[in-house]
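The structure appears below as structure tokens.
The values are calculated or read from the model by the stated rules, or taken from the named source; none is laboratory data. All of these numbers come straight from a predicted model, not from anything done at the bench. Backbone-built Cβ (ideal geometry, glycine too); neighbour counts: all protein chains shown. SASA here: full protein model, heavy atoms, side chains in, ligands and nucleic acids out. Shrake-Rupley method; radii C 1.70, N 1.55, O 1.52, S 1.80 Å.
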Amino acid sequence: MAGPQESTEQTPEQRRALFRVVRGNPDDHELAALTAVVAAAAGAGGPERAPAASDLWSHPASQLRAPLVAGRGAWRASGLPR
């Protein structure tokens, strides 16, 4: 049952609020500290991703032409990364 000071409808400020106080009476400094902690936690992102393992096929040196060598298995070795 809502009392004379309580309203069942939320104001636009209450709908877009990051958080709300449901119990107690914090002062401005306490609310500012809580806002800073919540904003820092939200902006922290997540754990850093490990760099992707590079493959030898996309290495810049593979774009340079290597000398052609004739011999046994040369055709197979010509397609392998160096």
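Quick notes
- For the range 11-82, accessible area per residue (1.4 Å probe, heavy atoms of protein chains only), Å²: 99
- Against the chain, whose longest principal axis is taken from its Cα atoms, helix 28-43 shows a tilt of about 20°.
- Nitroxide proxy distance, nm - points 7 Å out along Cα→Cβ at Thr35 and Ser54: 4.6
- In terms of its Cα atoms, the chain spans 95, 27, 17 Å along the principal axes, sorted from long to short.
- The chain: calculated mean residue ellipticity at 222 nm from DSSP helix runs of at least 4, using -39500 (n - 2.57): -8000 deg cm²/dmol
- Protection proxy ranking of 49-55, 10-16 - average other beta-carbon atoms within 10 Å, highest first: 10-16, 49-55
- Label point distance in nm, Arg16-Asp28, each placed 7 Å from Cα along Cα→Cβ: 2.2
- Computed from phi, the 3J(HN,Hα) profile of the range 49-59 under the Karplus parametrisation 6.51, -1.76, 1.60 (θ = phi - 60°) reads 7, 6, x, 5, 5, 7, 9, 6, 5, 9, 5 Hz, with x in place of Gly and Pro.
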